[in-house]
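Structure first, then comments.
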Amino acid sequence: MATEDGGSGLNIHPMDQFLVKPLFGGDGTIGMFTITNVTLWLAIAVVCIIALMVLGTRGRAIVPSRSQSIAEVLYGFIHKMVEDTTGKDGLAYFPYIFTLFIFILVANFVGLLPKSFTTTSHIAVTATLAMAVFLAVTVLGFVKNGASFLSMFWVASAPLALRPILALIEVISYFVRPVSHSIRLAGNMMAGHAVIKVFAGFAVVTWIAPASILAITAIYALEMLVVSIQAYVFTILTCVYLKDALHPHH
Amino acid sequence: MATETTEHAQGMPQLDFSTFPNQIFWLVVTLIVVYLLMSRVALPRIASVLAERHGAIQSDLDKAEEMKAKAVEAEAAYNQALVDARAEAQTIVADARAEIQKDLDVAMAKADAEIAAKSAESAVAIKEISDNAMDAVKEVANDTAVEIVKAMMPGAGDAKSVKAAVTARLKG
């Protein structure tokens, strides 16, 4: 692997893992429908989701098998989250929120496999998810509440003089939501994977290798935690935004 | 692999906008597939399994409650039967005791009467024996006194006066 470009003898390219490449050579250009490594790893995530949620539950057992109980735990976890955060009327959107959660969770975990491509480390992916949530929630807010949805930005409990300022802040924070929502997920994924790659690059130096490998192991464990937490965070923020759309009055 | 290692990322591949349409297209396809699978297959299935399990647990609990009530009932019936049986046993014991007492009283009375009769009979016999003995003592005393008087004072008095004197002495 070690090549001679790079002056120090170390040859660390932590960002290479994020390159989008056509899967079947071709002329190297990437069009909209080109089958790339993105396609491959998204497909692998879908296969894993099917294995867990569809094949795993096909026994429909009263006493669940292992995979069925994992699926049930995930279902119960998200169901409770939606109900607790957005209330009973939020449960109508449970399938959408569960789709988001299971996709992010599985894509994150699949991305932790060595040699894999992490789809959720890409802004294009997380921004699409976040914009979908943002647009859906905004449209839903206006459909459900009409113009009174705008009262969300008008803090009636604050002194009158402060209200315009607060309204400005509320509007800005509302539009920053999809940005933070998407960058949080992509940033966490990218940073963790890049750090692992950097440590892996150091492992070619004999006397650093043990420490490097230990560090990779530790960070890998940390990343397992981070990918679950980021899936959770993305989902619960979606629930919070949905609650604002359903009940805009503070 | 050989071709791949020569190709390195310039800056952040995340910001290479030329790959965005591709990523977004495949992401949307993926999300649609996942959504259809979840909303049509997985989630209703899990919901039905959970509901079924909930129902099964509830019916089991109900059944257990019912059985518990039955057990309590059975225990009450058992205790009642026990109390009844004890009461009955007590009356039987009391009856038996009364009957035995009656028999015993009859037997005692009979025995007492018999004993009384026997002792009266014995008293009569004793009296007779004692009287006889007294008579014999008198006889012997008279005879002895007569003989003694005859021996000491020959010809003094007669047997009749001696006898009277002895009888007077015996009475005294």
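The values are calculated or read from the model by the stated rules, or taken from the named source; none is laboratory data. Computed from a predicted structure; not experimentally measured. Because the Cβ atoms are built from the backbone with ideal geometry, glycine has one as well, and the counts that use them run over all protein chains shown.
Table for the structure above
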{"read-out": "Answer residue from the stretch B:105-136, given it is of a type in the set (Gly, Ala, Ser) and within 24 Å of B:LYS171 (Cβ to Cβ) and is modelled with the highest pLDDT among those", "value": "B:ALA123"}
{"read-out": "Which numbered condition B:LEU50 misses (of (1) facing chain A (nearest Cβ under 9 Å); (2) out of contact with any Phe, Trp or Tyr (no Cβ under 9 Å at 6 or more places or on another chain))", "value": "(2)"}
{"read-out": "Unique residue being farther than 30 Å from A:MET190 by Cβ, polar (S, T, N, Q), out of contact with any strand residue (DSSP E or B) (no Cβ under 8 Å at 6 or more places or on another chain) and more than 10 Å from every other protein chain (Cβ to nearest Cβ) when the list is A:ASN145, A:ASN108", "value": "A:ASN145"}
{"read-out": "Selection from the stretch A:129-149 of residues that are touching a residue at least 12 places away in the same chain (Cβ under 8 Å) and not small (Gly, Ala, Ser)", "value": "A:LEU129, A:MET131, A:VAL133, A:PHE134, A:VAL137, A:THR138, A:LEU140, A:LYS144, A:ASN145, A:PHE149"}
{"read-out": "Subset of the stretch A:110-161 (residues that are surrounded by 19 or more Cβ atoms within 10 Å (Cβ to Cβ) and either among the charged types (D, E, K, R) or touching an Asp or Glu at 6+ places or on another chain (Cβ under 8 Å) (or both))", "value": "A:VAL137, A:GLY141, A:MET152"}
{"read-out": "Hits in the stretch B:120-146 (condition: exposed (fewer than 11 other Cβ atoms within 10 Å of the Cβ) and among the charged types (D, E, K, R))", "value": "B:GLU121, B:LYS127, B:GLU128, B:ASP131, B:ASP135"}
{"read-out": "Filtered residues of the stretch A:39-58 (kept if in a helix (DSSP H, G or I) and surrounded by 21 or more Cβ atoms within 10 Å (Cβ to Cβ))", "value": "A:THR39, A:TRP41, A:LEU42, A:ALA45, A:ILE49, A:MET53"}
{"read-out": "Qualifying position, being facing chain B (nearest Cβ under 9 Å) and under 25 Å from the mean Cα position of the chain (by Cα), among A:THR29, A:THR39, A:THR86", "value": "A:THR39"}
{"read-out": "Residues that are of a type in the set (Gly, Ala, Ser) and either under 25 Å from A:PHE33 (Cβ atoms) or facing chain A (nearest Cβ under 7 Å) (or both), drawn from the stretch B:7-47", "value": "B:ALA9, B:SER18, B:SER39, B:ALA42"}
{"read-out": "Selection within the stretch A:32-73 - farther than 18 Å from B:GLU52 by Cβ and in contact (Cβ under 8 Å) with a residue 24 or more places away in the chain", "value": "A:ASN37, A:VAL38, A:LEU40, A:TRP41, A:LEU42, A:ILE44, A:ALA45, A:CYS48, A:ILE49, A:LEU52"}
{"read-out": "Where a residue in the stretch A:237-250 is within 13 Å of A:SER148 (Cβ to Cβ) and its partner, wherever it lies, is not in a helix (DSSP H, G or I), with Cβ under 8 Å and at least six apart", "value": "A:LEU246/A:GLY87; A:HIS247/A:GLY87; A:HIS250/A:VAL155; A:HIS250/A:ALA156; A:HIS250/A:SER157"}
{"read-out": "Test result for A:VAL137, closer than 20 Å to B:GLN14 by Cβ and either assigned to a helix (DSSP H, G or I) or away from chain B (no Cβ under 12 Å) (or both)", "value": "no"}
{"read-out": "Tally of residues being more than 12 Å from chain B (Cβ to nearest Cβ) and part of a loop (DSSP other than H, G, I, E, B) across the stretch A:111-134", "value": "4"}
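To keep it simple, each residue is scored yes or no on (1) in contact (Cβ under 8 Å) with a residue 40 or more places away in the chain; (2) under 30 Å from A:VAL133 (Cβ atoms).
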| position | (1), (2) |
| --- | --- |
| A:VAL176 | no, yes |
| A:SER182 | yes, yes |
| A:ALA194 | yes, yes |
| A:ALA203 | no, no |
| A:TRP207 | no, no |
| A:PRO210 | no, no |
| A:LEU214 | no, no |
| A:ALA218 | no, no |
| A:LEU225 | no, yes |
